[in-house]
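A.B. asks: Can you read through this structure? Questions will come right after.
The values are calculated or read from the model by the stated rules, or taken from the named source; none is laboratory data. For clarity, every value in this text was computed on a predicted model and none was experimentally measured. Note that we place each Cβ from the backbone using ideal geometry, even for glycine, and neighbour counts take in every protein chain shown. SASA here: full protein model, heavy atoms, side chains in, ligands and nucleic acids out. Shrake-Rupley method; radii C 1.70, N 1.55, O 1.52, S 1.80 Å.
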There are 2 protein chains.
Amino acid sequence: MDRMTASAPGRPGAGETSVTRVLGILDLFTPEAPVWTADTMIEHLLLGRATIYRYVRALCDAGFLVPVAGAGYALGPRFIEFDRNIRLADPLLHIVPPVMAELRDTVAGGQLLCAFYGLRVLAVLQDKTDPDITMSMERGRPFPLFQGSPSRVILAHLPTYRLRNLALNHQAAIAAAGLGQNWAEFRDGLRAVRRMGYLVASDIDKALVGISAPIFHAPGSVVASLCLVRTKERVTPDDAAYLGRLAVTACQRISAELQAFRLRQTDAAFPVSRVR
Amino acid sequence: MDRMTASAPGRPGAGETSVTRVLGILDLFTPEAPVWTADTMIEHLLLGRATIYRYVRALCDAGFLVPVAGAGYALGPRFIEFDRNIRLADPLLHIVPPVMAELRDTVAGGQLLCAFYGLRVLAVLQDKTDPDITMSMERGRPFPLFQGSPSRVILAHLPTYRLRNLALNHQAAIAAAGLGQNWAEFRDGLRAVRRMGYLVASDIDKALVGISAPIFHAPGSVVASLCLVRTKERVTPDDAAYLGRLAVTACQRISAELQAFRLRQTDAAFPVSRVR
DNA sequence: ACGAAATTCTCATATTGCGGGATTTTAGCG
DNA sequence: CGCTAAAATCCCGCAATATGAGAATTTCGT
């Protein structure tokens, strides 16, 4: 009943396999509850003691969990290592920082680089100057797929067949986010965004305005977005338009470098997500 | 035969379970080979096509893998999210940055915070001023357990029974690292380090000197070390002694804050690794 | 060194994973 | 926008392997 595996939405309690259950254990570990004892897991997952210990042992051996003093387990070092592996392999993290540095003074607020991962949009890089903006430890922060300018500008540049899939599988979330009650509305709204080239929105943090433009891994294939952020009272309509153009040109440069980088690579190997 | 699961050393090919195999898939994904196709995995893991696809699907659903354009899979967003969760729950990352900032000008080189995770030591935070020192994207960088001042100063402060375990299970690695041919030598060498309070070494990067002191989560329980780094030619013996004392006092402050933090927490819940 | 608590082991049972191949879906082209 | 090669899923019998209760063992802090 607590199969709320944030990871496999839309498929409620289906496909109960041992692998699923083991991976499900990791879902327990949140910032609010970072330590779990074996007994607590047994209670919450309704599994036998031996089974839980088998699972936990497998995860510990692999470094995904770590026993902590005082009896309990916490997320292990392997996640930190893998995040580094991802960072090392991600050309965006080499290309974007200098661009962010250039924009820093003009933006006079904050910047966020968000990557598109199939059904998820994640902050992967940040840059901040305005102390009024609370943005820290943002890498890894998830963004709702249908809210916020970083996500929506990415959506707007997805190929039609992907959008159609999304519209079919997530129409409730789309409607809830005000992106349209049906396929036509959804598509037309995004088309308008695409025509504009950038998106100004204030729907995640009402005190902030985000101005986002898309980054392409290849012509017609979005992988990320750059979001320029300012507090609301410091953005006039003219500012928004100016920052929008700024974001678009910056993203064009980033995209160009990304494609140049990709051509340099022998085996074209840079993560670009697909929707299933 | 390619059971080189970096995660469970000492237990070569034992305990082949489906969970082990699924987690083993993730071991394939290295910075050098960040993208794998289903067929390549089948080749390397000698599993049936349907099985690999089942495994990969489970990992994708959980966000640990992501399908990439051009047919293949790469490490997924979940690792980035979990690393953030760990960062958010780790009091060291709140306590240490201001200390590093204070030391920055005096150290005039680099600083590394390394955490102890059972059998692994990992960089978790860095700070650099000297451009001659190449240190970037260090969070997540693994350190050999028996080499380098960050690891060895941690070892030196482990309780005896943990050291005895290590000596039993890793005597080859210990000898290879020059930490002694037997238990007595190993223990005595570390005791000397413990007496000194800090450790000066240059065994990982020969061009650099690292000066490390231990950080305690509770009296007698090491969880991390702070390593002050300079290029070798900029460290006289007097410098080393001075930086050593500097590191020790900084670490004492950090430890005190850590324990104060721990007392504030309702449910004592900060990851401290144990050795099995 | 000791004792309480945490973890692993044992083993019979039947649930669940495996694999070869047919089928469906997908991506990206013209 | 429809099509085609390629990728991913489904099917299903067989048997390997996961499960859980409780006993045995190891671990860790005092």
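A.B. asks: Among residues belonging to the stretch A:144-196 that are within 26 Å of A:ALA241 (Cβ to Cβ) and β-branched (Val, Ile, Thr), point out the one that is nearest to DNA strand D (Cβ to nearest atom).
C.D. replies: It comes out as A:VAL193.
A.B. asks: Out of the residues in the stretch B:153-193 that are surrounded by fewer than 14 Cβ atoms within 10 Å (Cβ to Cβ) and farther than 25 Å from B:CYS251 by Cβ, state the one that is modelled with the highest pLDDT.
C.D. replies: Step one: list which residues in the stretch B:153-193 are surrounded by fewer than 14 Cβ atoms within 10 Å (Cβ to Cβ), which gives B:159-161, B:168, B:172, B:176, B:178, B:181-182, B:184, B:188, B:191-192.
Subsequent filtering for residues that are farther than 25 Å from B:CYS251 by Cβ retains B:168, B:172, B:176, B:181-182, B:184.
Working: B:LEU168: 82, B:ALA172: 87, B:ALA176: 92, B:GLN181: 89, B:ASN182: 86, B:ALA184: 87.
Among residues in the stretch B:153-193 that are surrounded by fewer than 14 Cβ atoms within 10 Å (Cβ to Cβ) and farther than 25 Å from B:CYS251 by Cβ, the one modelled with the highest pLDDT is B:ALA176.
A.B. asks: Among helices (runs of 4 or more DSSP H) lying entirely in the stretch A:10-118, which contain 2 or more residues that are within 16 Å of DNA strand C (Cβ to nearest atom) and of a type in the set (Val, Ile, Thr)?
C.D. replies: Numbers: elements: A:18-27, A:38-45, A:49-61, A:77-89, A:92-107.
Per the criteria, A:18-27, A:38-45, A:49-61.
A.B. asks: Another question, then. Looking at the stretch B:90-111 only, could you name the residues that are within 14 Å of another protein chain (Cβ to nearest Cβ), open to solvent by 10 Å² or more (accessible area, probe 1.4 Å) and either touching a residue at least 60 places away in the same chain (Cβ under 8 Å) or under 21 Å from the mean Cα position of the chain (by Cα) (or both)?
C.D. replies: Those that are within 14 Å of another protein chain (Cβ to nearest Cβ), open to solvent by 10 Å² or more (accessible area, probe 1.4 Å) and either touching a residue at least 60 places away in the same chain (Cβ under 8 Å) or under 21 Å from the mean Cα position of the chain (by Cα) (or both): B:ASP90, B:LEU93, B:HIS94, B:PRO97.
A.B. asks: Consider B:ALA224 against the criteria (1) away from every other protein chain (no Cβ under 14 Å); (2) away from DNA strand C (no atom under 16 Å from the Cβ): it satisfies all of them except one. Which criterion is unmet?
C.D. replies: Going through (1) away from every other protein chain (no Cβ under 14 Å); (2) away from DNA strand C (no atom under 16 Å from the Cβ) one by one, B:ALA224 breaks only (1).
A.B. asks: Still on this model: Quick one: in the stretch B:38-88, of everything that is within 10 Å of DNA strand D (Cβ to nearest atom) and charged (D, E, K, R), which residue is farthest from A:ILE25 (Cα to Cα)?
C.D. replies: By that ranking, first place goes to B:ASP39.
A.B. asks: So for the stretch A:123-131 (the condition being assigned to a strand (DSSP E or B), open to solvent by 70 Å² or more (accessible area, probe 1.4 Å) and more than 16 Å from DNA strand C (Cβ to nearest atom)), does at least one residue qualify?
C.D. replies: First, the residues of the stretch A:123-131 that are assigned to a strand (DSSP E or B): A:123-128.
Filter again for open to solvent by 70 Å² or more (accessible area, probe 1.4 Å), leaving A:128.
Okay, now just the ones that are also more than 16 Å from DNA strand C (Cβ to nearest atom), so A:128.
Yes: one or more hits.
Residue-by-condition table, conditions (1) loosely packed, with under 15 Cβ neighbours inside 10 Å; (2) aromatic (Phe, Trp, Tyr); (3) in contact with a Leu (Cβ under 6 Å, 6 or more places away or on another chain):
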residue: A:ALA207; (1), (2), (3): yes, no, no
residue: A:SER212; (1), (2), (3): no, no, yes
residue: A:ILE215; (1), (2), (3): no, no, no
residue: A:ALA218; (1), (2), (3): no, no, no
residue: A:LYS232; (1), (2), (3): yes, no, no
residue: A:VAL235; (1), (2), (3): no, no, no
residue: A:ASP238; (1), (2), (3): yes, no, no
residue: A:ALA241; (1), (2), (3): yes, no, no
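A.B. asks: Further question on the same structure: Quick one: which of A:ARG120, A:ARG87 is at pLDDT below 95 and open to solvent by 10 Å² or more (accessible area, probe 1.4 Å)? Step through it out loud before you land on a result.
C.D. replies: Numbers: A:ARG87 fails: at pLDDT below 95.
Only one candidate qualifies: A:ARG120.
A.B. asks: Can you tell me which residues in the stretch A:62-72 are within 9 Å of chain B (Cβ to nearest Cβ) and surrounded by 19 or more Cβ atoms within 10 Å (Cβ to Cβ)?
C.D. replies: Restricting attention to the stretch A:62-72, the residues satisfying the condition of being within 9 Å of chain B (Cβ to nearest Cβ) are A:62-64, A:66-70, A:72.
Passing the criteria: A:ALA62, A:GLY63, A:PHE64, A:VAL66, A:PRO67, A:VAL68, A:GLY72.
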